[in-house]
Amino acid sequence: MFKKILIAEDLESINYGLTSMLKKEYPEITILNDRYCDGAYAKIQKGLLDSEPFDLLITDLSFSKDHITQKTAGGAGLVEKSRKKQPNLKIIVYSIENRPSKVNMLFDRFGINGYVLKHRNGLVELKDAINEVCKNRRYVSEAINIRKGNHIRLNDFDILILGLLCNGLSQEQISIKLKEDRMKPNSLSTVEKRFNRLKDSFKANNLIHLVSIIKDLGVI
């Protein structure tokens, strides 16, 4: 079983409930929490520096903004930074997000180990997820069937150019940006061909329609 767990959750009531449940269920485990993504990431860094790393990160995706400026872009940003900093860290996302495409992206792009939907049986499923992930098995809430439908797998280049498109850059500007950042492939023809394939995959009529679909699915 895990020895040290970190909970990242901005809602105090949920944070307290999760911590209390886990301490009662696993009294031998050290459990820390943080309401901010930057704070949670700092704890992960400190754990590594102290040679007392966390075994498991449980995080929400959505964090409300307040007067404290955050460098880490929400739960997905915390997952990405934590995975790079500590590749062997087990990660379970606990969120109300129920779109299969979004859940698939977290598994495919960031290599999370479990996804639990915040719903009526969420805490029960979270305990199941912890036990499964501890055994090196993947866990996904039964309420989210990520195998339904035609799942489109996106690589890092797809995610990059879609992000630039959603930020308002034209295909030509995206090509220029890639060249400036010395990233390959970067030719305009390559960018145009890739967007044409993405439009076909998402059944988009044009780039504006593609942006709308991508944002609606929560891919970016």
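For helix 37-49, what angle does its Cα long axis make with the longest principal axis of the chain, in degrees from 0 to 90 and rounded to 10?
Between the helix axis and the principal axis of the chain, the angle is about 70 degrees.
What is the angle, in °, between the Cα long axis of helix 171-180 and the longest principal axis of the Cα atoms in the chain? Nearest 10 is fine, range 0 to 90.
On a 0 to 90 degree scale, this one is about 70.
Report the relative contact order of the chain, percent, no decimals, based on alpha-carbon pairs under 8 angstrom and at least 6 residues apart.
Once divided by the residue count of the chain, the mean separation gives 14 percent.
Can you give me the Rg/Rh ratio for region 34-82, using Cα atoms for both radii and the Kirkwood formula for Rh?
A ratio of 0.97.
On full extension of the chain, what length is gained from THR69 through LYS203, given 0.36 nm per residue of separation minus the C-alpha to C-alpha distance?
44.4 nm
Suppose all protein chains stay in the model; what accessible area per residue would a 1.4 Å probe give for the chain, in Å²?
Computed with neighbouring chains in place, this is 56 Å² per residue.
Suppose every K and R has +1 on its Cβ and every D and E has -1 on its Cβ; what is the size of the dipole of region 1-142 about the Cα centre, in Debye to the nearest 20?
340
For helix 74-85, report the angle its Cα long axis makes with the longest principal axis of the Cα atoms of the chain; keep it between 0 and 90° and round to the nearest 10°.
80
Report, in deg cm²/dmol and to the nearest 500, the calculated mean residue ellipticity at 222 nm for the chain, where each DSSP H run with n ≥ 4 adds -39500 (n - 2.57) and the sum is divided by the residue count.
-15500 deg cm²/dmol
Rule-of-thumb check for region 1-118: C-alpha Rg over 2.2 N^0.38 Å?
That ratio works out to 0.99.
What part of the accessible area of region 1-157, given as a whole %, is carbon or sulfur when the probe is 1.4 angstrom?
The computed percentage sits at 48.
Please state the charge dipole magnitude for region 1-73, taken about the Cα centre, from unit charges on C-beta atoms (+1 on K and R, -1 on D and E), reported in debye and rounded to the nearest 20.
The calculated dipole for region 1-73 is roughly 80 debye.
For VAL191, what charge total do you get from the other residues with a beta carbon under 12 Å from its beta carbon, if Lys and Arg give +1 and Asp and Glu give -1?
In short, +3.
The values are calculated or read from the model by the stated rules, or taken from the named source; none is laboratory data. Predicted model only: the values in this text are computed from it and were never measured. Neighbour counts are summed over all protein chains in view; Cβ atoms, including those assigned to glycine, are modelled from backbone coordinates with ideal geometry. The accessibility values were calculated without ligands, DNA or RNA, using every heavy atom of the protein model including side chains. Shrake-Rupley method; radii C 1.70, N 1.55, O 1.52, S 1.80 Å.
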